[in-house]
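Below is one structure, written out as structure tokens; comments come after it.
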Amino acid sequence: MRFSGKTVVITGAASGIGRAAVLLFAGEGATVYAADIDAAGGEALAQSSNGAIRFQHCEVTSTEAIRALMDRAAAETGGIDVVFNNAGAGGDPAAIDTIEPEGWDRTMDLLLRSVAFGIRHAVPHMIGRKGAAIVNTSSVAAVGPGYAPTAYAVAKAGVLHLTKCAATDLARHNIRVNAVQPGFIQTNIFTASMDMTAETKATAKAMLATMGEHAQPVARAGQAEDIARAVAFLASDDAAFVTGTTLLVDGGLTVGPRHSWDPEAPNMLGALRELADSQAPV
Ligand SMILES: NC(=O)c1ccc[n+]([C@@H]2O[C@H](COP(=O)([O-])OP(=O)(O)OC[C@H]3O[C@@H](n4cnc5c(N)ncnc54)[C@H](O)[C@@H]3O)[C@@H](O)[C@H]2O)c1
């Protein structure tokens, strides 16, 4: 019960990582403000609890909606202890040589500006709260190219830098700020924005689940709960000396080239060694 009596605000709360975090924080005693554009999913989540989870419709690209979310949480409970700025989607898929300004801006608004203003509008309600902490969702896409489209990757790298700057800005208020970088996690994000029938979505999800078991050194698919547990650690007093940093939770996806952990993967140096070993003695 690390969050007993605490007020926690989570965006992107109706699905995936946000939903798992809502359930974890509520399960550990928090009153959780679950914010999302998915009213049906958010309401269902709230109704599954005995008042510990409160849904707020919130479009995070609207700074006014974010302000209303934070103001409501503080007005009803007296302040905010933890904020998890997590809402997101795939962003514009275009490469840098074809992306249009609208797609670029939409992606930045959704994934980066929303985090900045999640912090901006929460902080007035967090000042003076013992153990106040903010966690922002970045991504393995911030490690380097190849994990996500360019605008998404740049926004998620921006979240890491914003996290560091916010940690310094907010040190004077004793508010810690950290990021979490999920790897390949089995959620709706990959199919949510795709124009697919329900049947094709189910096929795609099954395909991704199988791929997820072999995508990284840890030989199972990443789950939303894996990220929620990391977020809870960063938000808890166990991380009281941790600020301005990031926790990569990717099952080792980014740790090294595939051949370093997968004996089946093509390995240039291994192939050379085999060739050398197979030749007649020199
Ligand atoms: N799943 C992964 O592999 C992965 C990897 C790295 C980072 N992430 C990040 O994790 C976060 C959560 O994603 P997820 O995988 O749980 O996806 P998800 O699709 O399961 O959940 C995302 C939630 O955010 C909500 N949302 C989307 N746009 C919103 C908006 N404008 N305003 C408010 N809510 C909005 C959706 O309705 C949904 O409930 C995102 O920031 C995503 O970029 C996910």
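No lab work stands behind these numbers, since they all come straight from the coordinates. The structure presented is a predicted model; accordingly, all values stated were derived computationally and were not measured. Neighbour counts run over all protein chains shown; Cβ positions are idealised from the backbone, glycine included.
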Identify all residues within the range 1-56 that are in a loop (DSSP other than H, G, I, E, B), over 18 Å from GLU225 (Cβ atoms) and either in contact with a Leu (Cβ under 9 Å, 6 or more places away or on another chain) or of a type in the set (Asp, Glu) (or both); write none if there are none.
-> ASP38
Single match in LYS201, LYS205, LYS164 (criterion: touching a helix residue (DSSP H, G or I) at 6+ places or on another chain (Cβ under 6 Å), surrounded by fewer than 19 Cβ atoms within 10 Å (Cβ to Cβ), basic (Lys, Arg) and under 30 Å from ILE37 (Cα atoms)) = LYS201
Give me a count of the residues in the range 225-267 that are under 30 Å from LYS130 (Cα atoms), part of a loop (DSSP other than H, G, I, E, B) and free of Cβ contacts under 8 Å to residues at least 24 places away in the same chain.
-> 1
Near pairs, Cβ below 6 angstrom, 6+ apart or cross-chain, from the range 100-114 (in contact (Cβ under 8 Å) with a residue 60 or more places away in the chain) to any residue that is surrounded by 19 or more Cβ atoms within 10 Å (Cβ to Cβ) = SER114/VAL60
Restricting the search to the range 10-41, which residues are of a type in the set (A, V, I, L, M) and under 14 Å from the mean Cα position of the chain (by Cα)?
-> ILE10, ALA13, ALA14, ILE17, ALA20, ALA21, VAL22
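Across the range 68-81, which residue is farthest from the ligand (Cβ to nearest atom) among those that are buried (at least 16 other Cβ atoms within 10 Å of the Cβ) and not in a loop (DSSP other than H, G, I, E, B)?
If we filter the range 68-81 for residues that are buried (at least 16 other Cβ atoms within 10 Å of the Cβ), which is where we start, we get 68-70, 72-74, 77, 79-81.
Applying the additional criterion that residues be not in a loop (DSSP other than H, G, I, E, B) yields 68-70, 72-74, 77.
Working: ALA68: 13, LEU69: 10, MET70: 14, ARG72: 15, ALA73: 15, ALA74: 19, THR77: 21 Å.
For the range 68-81, the residue satisfying everything is THR77.
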Restricting to the range 148-189, what's the tally of residues that are in contact with a strand residue (DSSP E or B) (Cβ under 6 Å, 6 or more places away or on another chain), within 18 Å of ILE17 (Cα to Cα) and among the β-branched types (Val, Ile, Thr)?
-> 3
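Taking the range 82-112 as the search range and keeping residues that are of a type in the set (Gly, Ala, Ser) and crowded, with 24+ Cβ neighbours inside 10 Å, which one is farthest from MET126 (Cα to Cα)? Give the steps one after another, and end with the answer.
Looking only at the range 82-112, we keep the residues that are of a type in the set (Gly, Ala, Ser), and these are 87-91, 94-95, 103.
Filter once more, so that each one left must be crowded, with 24+ Cβ neighbours inside 10 Å: 87-88, 91.
Working: ALA87: 20, GLY88: 23, GLY91: 30 Å.
Restricting to residues being of a type in the set (Gly, Ala, Ser) and crowded, with 24+ Cβ neighbours inside 10 Å, the top hit is GLY91.
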